[in-house]
Amino acid sequence: MIEMRDTGRCTIREPVWRKDGGDPVSGQTTTTFTFSNPIVAEDEGIYEIHYSNVRGQGRGALYRLIVRDCPAGKWGPTDCIWICDKCYNGGVCDDETGRCICPNNFRGPNCLDICRTFGGNRFGPNCEFRCTYRASDPPDTCRFYQFCLPDPFGCSCDTGRQGINCNAVCTNGRYGAGCSQTCHCQSGVCNRYSGVCTATSGTPATACETNWSGENCQIPDVCDVGYYGPDCTDKCHCLDDAPCDKITGECPNRECAPYFNIYDGVNCQGET
C-alpha cells in the first residue's frame, strides 16, 4: 500500500493515480494505492498521484516503489538462500550481492562505523565527498539534500534531517538518515546524526538501554535470526532459519540449512 498525504488544497477533485507516466490506473480513486498480495516484480515503478484536471499545475506527488528479488535478510536470486551481511544504522542489504548499502554518515561492511557526530559536510561510501568546498559554509551543509544510493536502498535526507525539504531536525529519540532510526539511550541525549548517547548538564554519565550495547547502542543482546557473535554480524545457517546460539553460532540439534555443513565442530559454515 502507498499512501500520500492530502494537503487539503484540492479535495473537491478526485485523485488520479498513474504508473510510470501512463494512463490513469482504474479502481484507484483515493489517496491510498492498494496492491494485490503479494507484491510482484511488475509492481515496481514510479507512482504518481494528482487531482483531476490539475496535473499540469504541479499539484501532485511521486513515489518510487522498489521490489527486491529476495525477501528481507536474504540474497542471491532466484533461490535467495544466502544470508545478507548484518546492516546497522539503516543500512540495506543488496539482494544481488548480500553486502550492505550504508546510509549517509555510516560506512564499513556492517554500517557500524560513524563518519561524523555533529552535522558535517561529508557523504559517500567512505564519507570521501563534500557537499561544498567553500570554507565559509557551516558544518551542516548537507542538509536540504537527498542522497539516492544504489537499489534497493532508494533515497533519504542527510543524517539528522527529515521532511520534504530535508531541513527539519529529528524529533527526540530518532537519528540517522531521514531520522529513520530509533535511539536506545538510557541516560543522556541521543545525537541525531550518529545515535551516540551524549551527556547533558546534570547528567553524570550516558548509557544504553537494557539489552542494547555498542558505540551508539544499536547492537541487541539477542541477535536477529541468522546472526551471532559480539556484534551479531557473524552468520549462522540453521535448518529452517532457526536462531542459533549468540555466542557459539551452534544451530538447534546441530542441523544446518541446505548447502551448509559443520566443518569446525560447532557451527554450520561453507557450501557443501
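The values are calculated or read from the model by the stated rules, or taken from the named source; none is laboratory data. Since we're looking at a predicted model, the values are computed, not measured. Every residue, glycine as well, gets a Cβ built from its backbone with ideal geometry; the counts of neighbours run over all protein chains shown. Side chains are part of the model used for accessible areas, which takes the heavy atoms of the whole protein and leaves out ligands, DNA and RNA. Shrake-Rupley method; radii C 1.70, N 1.55, O 1.52, S 1.80 Å.
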Wholly inside the stretch 1-79, strands (runs of 3 or more DSSP E) that include 1 or more residues that are of a type in the set (A, V, I, L, M, F, W, C) and out of contact with any Pro (no Cβ under 7 Å at 6 or more places or on another chain) are 45-51, 60-65
Note: among Pro71, Pro15, just one is of a type outside the set (Phe, Trp, Tyr) and crowded, with 18+ Cβ neighbours inside 10 Å, namely Pro15
Residue pairs within 6 Å by beta carbon, gap of at least six or interchain, first lying in the stretch 62-81 and farther than 14 Å from Ile39 by Cα, second in a loop (DSSP other than H, G, I, E, B), listed first then second, are Gly73/Cys84; Lys74/Cys80; Trp75/Cys84; Trp75/Asp95; Trp75/Gly98; Pro77/Asp69; Pro77/Cys70; Cys80/Cys70
Of the candidates Arg174, Arg134, Arg99, Arg116, the one satisfying the condition of being among the basic types (Lys, Arg), under 20 Å from Asn216 (Cβ atoms) and either out of contact with any Cys (no Cβ under 7 Å at 6 or more places or on another chain) or at pLDDT below 95 (or both) is Arg116
Only unsatisfied item for Cys197, checking (1) of a type outside the set (Lys, Arg); (2) open to solvent by less than 70 Å² (accessible area, probe 1.4 Å); (3) on the phi < 0 side of the Ramachandran plot; (4) under 19 Å from the mean Cα position of the chain (by Cα), is (4)
Exactly one of Pro139, Pro125, Pro109 is free of Cβ contacts under 8 Å to residues at least 24 places away in the same chain, open to solvent by 20 Å² or more (accessible area, probe 1.4 Å) and within 19 Å of the chain's Cα centre (by Cα), and that residue is Pro125
By residue number, the members of the stretch 167-193 that are small (Gly, Ala, Ser), closer than 23 Å to Arg107 by Cα and either assigned to a strand (DSSP E or B) or more than 17 Å from the chain's Cα centre (by Cα) (or both) are Ala177
Quick count over the stretch 200-231, residues being outside any loop (DSSP other than H, G, I, E, B) and open to solvent by 60 Å² or more (accessible area, probe 1.4 Å), is 1
